[in-house]
Amino acid sequence: MRVPETGAQRASFRRPVRLAVLGIALAVVSVIGMTNPTPAAAAGMKVVVIVGPVGSSTSNYIYNAKKYASQARSYGATVVEIYSPNATWAKVKAAAQGAKMIIYLGHGNGHPSPYGVFSRYSKDGFGLNKTAGNGNYNTKYWGEWYIQTYLKLAPNAVVILNRLCYASGNSEWGSSNPTKTVAKQRVDNYGAGFLRTGAKAVFAEGITNAAYILYGIFRTNRSIGAIFQSSSNWSGAYDFKFSSVRNGGYTAWLDPYAPSRYYRSVIGNLGLGAQSVRGT
């Protein structure tokens, strides 16, 4: 089915630099400093790391993605890396089958947004290369319909959405901050398709490092909720939970660092233990 290439075109280029740098530094310190209470049986676990086209920021996104890939390999996982300008839907779809973890960095195209009515064909999925080898500006969005229809992840898989607009409830840079109601809808909608692929949790880190999630999944027996709370960027001052409307039985948890600053979220089975993700 041919789908018009509509939707958000602006990436999260401009970051609160001190917050982002501090978050990355603290994440590295926390990962290095933690003990290893339960070595994970990660051999054979498939992790797919994806970077979509984000213009001049693509090289920086790839730089950070490679760190996640290296971290996953250090735990014994089998890692597949797919980066712009060759991150097409065909490649992502083929690589993602049976994956235990998907890590995506790139454009986010969520709902509600300024870009008109909801479309399940372009909203709440991946922003990938429309064609391979043609630079880092040729973006096409593959929405939740494609995600839930064509991706079959491993049981209890985890999805990590890093540096996206909308996925954690946030707006695009330069746009007004969302209301709490809008932020909740964005998180629920962005998780909807992924939670129908076999995944049981969708983490979204809008501006900060996600290394703590990999550590929590591969090296602890913590629950999804406890892993979310273990981040060095955890605030807890304004956090709240709500029951998913799009996928009954699942819970979302948002942790804004200040009112209307929705840059961290998780949605899924918050009580699921990391050992169940690993299959141990």
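The values are calculated or read from the model by the stated rules, or taken from the named source; none is laboratory data. Everything numeric here is computed off the predicted structure, so don't read it as measured data. Here the Cβ positions follow ideal geometry from the backbone for every residue, glycine too, while neighbour counts run over all protein chains shown. Accessible surface is based on the protein model in full, side chains and every heavy atom, while ligands, DNA and RNA are left aside. Shrake-Rupley method; radii C 1.70, N 1.55, O 1.52, S 1.80 Å.
Below is a table of values for the structure above.
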| read-out | value |
| --- | --- |
| Relative contact order computed over the stretch 31-161 (Cα-Cα under 8 Å; 6+ residues apart), in percent | 29 |
| Difference of contour (0.36 nm per residue) and Cα-Cα distance, Ser56 to Phe118 | 19.5 nm |
| Percent of beta bridges antiparallel (DSSP, the chain, rounded to nearest 5) | 45 |
| Area of Thr78 that stays accessible when all protein chains are in place (1.4 Å probe, Å², to 10) | 70 |
| Student exercise, the chain dipole from Lys, Arg, Asp, Glu Cβ charges, in Debye to nearest 20 | 220 |
| Distance histogram for the stretch 169-280 (every C-alpha pair counted, 5 angstrom bins, percent rounded to whole numbers) | 2, 13, 24, 24, 21, 11, 4, 1, 0 |
| Residue-count net charge about Gly133 - beta-carbon cut-off 15 Å; Lys, Arg +1, Asp, Glu -1 | +3 |
| Listed residues Ile102, Met45, Pro112: farthest to the positive end of the dipole of the chain (Cβ charges) | Met45 |
| FRET E, pair Ala258, Ala226, Förster distance 30 Å, beta-carbon r, rounded to 0.05 | 0.80 |
| Shape of the stretch 90-198, Cα gyration tensor, a/c cut at 1.5 | oblate |
| Contour excess over end-to-end distance, with Cα ends at Asn177 and Ser74 and 0.36 nm allotted per residue | 33.3 nm |
| Dipole axis of the chain (+1 Lys, Arg; -1 Asp, Glu on Cβ), positive-most option in Pro85, Gly225, Ser235 | Pro85 |
| The stretch 36-104 shape via C-alpha gyration tensor axes, a/c threshold 1.5 | oblate |
| Relative contact order %, the chain, counting alpha carbon pairs below 8 Å whose residues are six or more apart | 21 |
| Summed residue charge, Cβ within 9 Å of Met45's Cβ, Lys/Arg positive, Asp/Glu negative | +3 |
| Pairwise Lys count, the chain - Cα closer than 12 Å, eight or more residues apart or different chains | 9 |
| Segment Ala43-Thr280, extension gain: residue separation times 0.36 nm, minus the distance between their alpha carbons | 84.2 nm |
| Bridge type composition, the stretch 45-161 - antiparallel percent by DSSP, nearest 5 | 20 |
| Equivalent-ellipsoid semi-axes of the chain, from the Cα gyration tensor, Å, largest first | 25, 21, 19 |
| Net charge, Thr78 excluded, C-beta distance under 15 Å - Lys, Arg +1, Asp, Glu -1 | +3 |
